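Only one structure is covered here, and it is reproduced in the block below.
Where a number appears in this text, it was derived from the coordinates with a stated rule and is not lab data. Everything numeric in this text was worked out from a predicted model, so none of it was measured. Note: ideal-geometry Cβ built from the backbone for every residue, glycine included; neighbour counts use all protein chains shown.
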Amino acid sequence: MLPAPIGVVLPHGRDVLLPAGRYLYAGSARGPGGMRARLARHQRADKTPHWHIDLLTMAGTMAGAWIFPGGDECAIVAGLGHLPVPLPGFGSSDCRRCVSHLLAWPDGIGIDLPDGGLASKWLP
Ligand SMILES: [Zn+2]
């Protein structure tokens, strides 16, 4: 949840505002410490921003996460194609498949996460 708009610099140096609202971000955790370290980072407000998503998690609150062991964030984004893309390029600088890895999740719009036999859970 983002309580107030934040400024974001997108690829190619475009400076834009991300409006307040509820968002859903699809990311991977291939770095050191894996999923546990990545989720802990997303939940911390005090950090040096490295990725676009850091700007959102520093200014807003993370309500939870669905975990797909071995999952593919691009496939998850594709499966949620009915959700609006707030900022093309956000979180997908190094992705050639997706317009963005950040989706807006307006009230009243349901989501049907791809399962594909993968375990998933919501962490409050
Ligand atoms: Zn992607």
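Build a GNM of the chain with springs between Cα atoms under 10 Å: which of 16, 85, 99 gets the top mean-square fluctuation?
Sorting by GNM fluctuation, first place goes to 16.
When the convex hull of the Cα atoms of segment 56-100 is projected onto a plane and the area is averaged over all directions, what value comes out in nm²?
4.0
Binned at 10 Å from 0, what are the whole-percent values of the Cα-Cα distance distribution for segment 1-46, short to long?
21, 39, 37, 3
With +1 on the Cβ of every Lys and Arg and -1 on the Cβ of every Asp and Glu, and nothing else charged, how large is the dipole of the chain about its Cα centre, in debye rounded to the nearest 20?
300
Ranking 74, 98 by Cβ neighbours within 10 Å, fewest first, what do you get?
The most exposed by this proxy come first: 74, 98.
Running a GNM on the chain with Cα contacts under 10 Å, which residue among 31, 64, 81 ends up with the highest mean-square fluctuation?
31
Within the chain, what is the longest stretch that has no trypsin sites (Lys or Arg not before Pro) placed in a DSSP loop and near at most 14 other beta-carbon atoms within 10 Å?
In short, 48-95.
Based solely on C-alpha atoms, express the radius of gyration and the Dmax of the chain in angstrom.
When restricted to Cα atoms, the chain yields Rg and Dmax of 13.8, 40 Å.
Under the 0.36 nm per residue contour assumption, what length would be gained going from the current alpha-carbon distance of residue 48 and residue 66 to full extension?
Full-extension gain reported as 4.1 nm.
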